[in-house]
Amino acid sequence: MRIIWSPLSIDRITEIAKYISEEDRSAAVELVNHLFSRVEQLSNFPESGQAVPELNRTDIRQLVDGSYRIIYRVGTDDISILTLRHHRQHLSEEDI
């Protein structure tokens, strides 16, 4: 399956990387590479994430990795990465 990153998801991963790089640039690069690697795994296992507890939708799922939630939608031919959130942040329909 093809993976599509939304503009919001790119903005969020950029914000996360900028924040972490203020303290440790190499840690920021490592985290971004790790998150991209996790997302790539979805192309083979699109249903591997769990349902997003705040939403009552079966097509929107999340991968929880460390402190981050990768929110994505499974389509017929692709997977759309909708946003990334810190695991303590609540997600609403308006956020995606």
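Only the coordinates and a few stated rules stand behind these numbers; no lab work does. Just so it is clear, the structure is predicted and the values come from calculations on it, not from any experiment. Cβ placement follows ideal geometry from the backbone for every residue including glycine, while neighbour counts extend to all protein chains displayed.
Results, tabulated for the structure shown:
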item: Taking the chain and dividing mean pair separation by its residue count, relative contact order in percent (alpha carbons under 8 Å, at least six apart); result: 32
item: Where labels lie 7 Å past Cα in the beta-carbon direction, separation of SER37 and HIS86 in nm; result: 2.5
item: Within the stretch 2-83: Cβ-based charge dipole about Cα centre, in debye rounded to nearest 20 (Lys, Arg +1; Asp, Glu -1); result: 160
item: Per-residue HN-Hα couplings for the stretch 11-23 [Karplus 6.51, -1.76, 1.60; θ = phi - 60°; Hz; x = Gly/Pro]; result: 4, 5, 5, 5, 4, 4, 5, 4, 4, 5, 5, 4, 9
item: Distance from the stretch 53-81 to the stretch 20-36 (C-alpha centre basis), Å; result: 22
item: Loop trypsin sites (Lys or Arg not before Pro), the stretch 19-96 (other Cβ atoms within 10 Å of the site Cβ: 10 or fewer; DSSP); result: ARG88
item: Nearest 10 degrees, 0 to 90: helix 25-41 Cα axis against the chain principal axis; result: 20
item: Other-chain or far-sequence residues with amide H under 5 Å of TYR68's (modelled H); result: HIS87
item: Among LEU35, PRO46, TYR72 the positive-end extreme of the charge dipole of the chain (Cβ point charges); result: PRO46
